[in-house]
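Encoded as structure tokens, the structure appears first; notes follow it.
Every number in this text was worked out from the coordinates using simple rules, so none of it is lab data. The model shown is predicted, which means the values in this text are computed figures rather than measured ones. No Cβ is skipped: glycine too gets one built from the backbone with ideal geometry, and neighbour counts run over all protein chains shown.
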């Protein structure tokens with residue numbers, strides 16, 4: 001049955017790049033709280049659009065985010081259905097990162113590097129002006145959330161997915177979506193924590209993000225790969241320092 005009553009939309013989602021985050025969080029909360037159960041069918045796209053007072057594009061991206069975390073299944077021509085949460089496994093057979101082991105986080109960052117360094121290079125060669133604009137919009141969204149003192153995990157993830165889209169090879173997004181929310185490791189270390197990351201840390205991350213975006217906009221594939229490598233290798237080093245900490 002359709003379970004529109006089980007998804008609470010108390011107020012319209014806020015304007016801006018956090019629309020997707022707001023809608024996906026509402027549906028996610030309904031699933032984790034048990035208001036939406038495995039096998040339940042979500043309202044239609046138009047129903048969700050009306051319910052949350054957002055565009056169809058926002059709904060599609062929110063569903064894609066939930067699908068990446070294996071919370072819903074899209075059955076084409078039938079609808080979107082809630083899945084039974086999987087213990088230990090992500091969509092596609094990938095194992096969940098163990099947030100209690102820094103080495104597990106580093107392993108996932110190494111996999112991301114293998115995917116995203118090449119993605120950045122291809123994005124520099126293949127991206128359209130509209131795709132480049134989306135990348136910079138995501139960059140600006142992160143900046144605004146830093147300034148407002150809000151968490152940036154979802155916007156950070158959107159930035160990397162926008163680069164994957166700019167390759168014009170859908171397999172890159174599929175691979176990153178299979179990794180799910182743990183694409184951004186700090187989301188695991190701050191589970192349930194709504195406080196922002198330290199300002200100096202985020203300033204460094206944004207500097208790295210900006211270098212990637214500029215290289216893509218300049219169609220410099222070598223610089224784009226180098227910038228993404230610097231970003232992800234830097235993340236690995238930051239987490240390796242936690243292992244060495246006494």
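On full extension, the segment bounded by residue 147 and residue 168 gains 4.4 nm, given 0.36 nm per residue less the C-alpha separation. Listed peptides 220-227, 43-50, 113-120 appear in the order 113-120, 220-227, 43-50 once ranked by packing, highest mean of other Cβ atoms within 10 Å at the front.
Here the simple spin-label model places points 7 Å from the Cα toward Cβ, and for residue 130 and residue 45 these points are separated by 1.5 nm.
Using 0.36 nm per residue, how much length does the chain from residue 73 to residue 114 gain when fully extended, once their Cα-Cα distance is taken away? The partial results should precede the final answer.
Values: separation 41, 0.36 × 41 = 14.76 nm, distance 2.72 nm.
So the extension gain works out to 12.0 nm.
Round to the nearest 0.05 the FRET efficiency obtained for residue 201 and residue 64 when R0 = 35 Å and r is the Cβ-Cβ distance. Calculated value: 0.80. With the simple model of a label 7 Å out from the Cα in the direction of the Cβ, residue 103 to residue 220 spans 3.9 nm.
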